[in-house]
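The values are calculated or read from the model by the stated rules, or taken from the named source; none is laboratory data. Model, not experiment: these values are computed from the prediction. With ideal geometry, Cβ positions are generated from the backbone for all residues, glycine too; neighbour counts draw on all protein chains shown. Heavy atoms of the whole protein, side chains included, go into the accessibility calculation; ligands, DNA and RNA do not. Shrake-Rupley method; radii C 1.70, N 1.55, O 1.52, S 1.80 Å.
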Amino acid sequence: MNNPNLKGMDPEKLKMLNNIANQGSQKGMNELLPFLMSAVSQNKSQSGGLDFSRQEMDTIIEVLKMGKPPEEVARINRMMQIIKMMH
């Protein structure tokens, strides 16, 4: 959350991301994709749900990959390809 790349993001969006990060931190890689898809779906279904731009999403993903081993970065990249194909 303190990453300078996230500095200009809406505080409400950062709050939501923090909540998702806290909930998702206990999930394994196999559980993470369904969890994230559910979180995104719940956000969209709420009236006044937050909308993230493509640039914001790309920034969030890049921050998530920082400090991760190459195998995990590759898994995140594959997960993002799957998500992009679904939209």
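Couple of notes before you dig in:
- Applying a length cut-off of 20 Å (Cα extent along the axis) and a mean Kyte-Doolittle floor of 0.5 to the DSSP H helices of the chain leaves no helix.
- Put simply, the chain fits an ellipsoid with semi-axes of 20, 17, 13 Å; these come from the alpha carbon gyration tensor as the roots of five times its eigenvalues, largest first.
- Rough spin-label spacing in nm, given labels placed 7 Å along Cα→Cβ, for residue 77 and residue 39: 2.3 nm
- The length gained by stretching the chain between residue 50 and residue 3 to full extension, at 0.36 nm per residue less their Cα-Cα distance, is 14.9 nm.
- Modelled FRET efficiency - R0 25 Å, residue 58 with residue 26, Cβ distances, 0.05 increments: 0.45
- Taking every DSSP helix (H) stretch of at least 4 residues in the chain, weighting each as -39,500 (n - 2.57) and dividing the sum by the residue count yields a mean residue ellipticity at 222 nm of -22500 deg cm²/dmol.
- Ignoring lysines fewer than eight residues from residue 44 along the same chain, the ones with Cα atoms less than 19 angstrom from its Cα are 13, 15, 84.
- For the range 16-76, GluC sites (Glu not before Pro) meeting the loop criterion (DSSP other than H, G, I, E, B) and having at most 12 other Cβ atoms within 10 Å: none.
- Residue-normalised accessible area of the chain, expressed per residue, 1.4 Å probe, Å²: 74 Å²
- The range 2-87, dipole about Cα centre (Lys/Arg Cβ +1, Asp/Glu Cβ -1), debye to the nearest 20: 100 debye
- Percent accessible area from carbon and sulfur atoms, the chain, protein chains only, probe 1.4 Å: 53 percent
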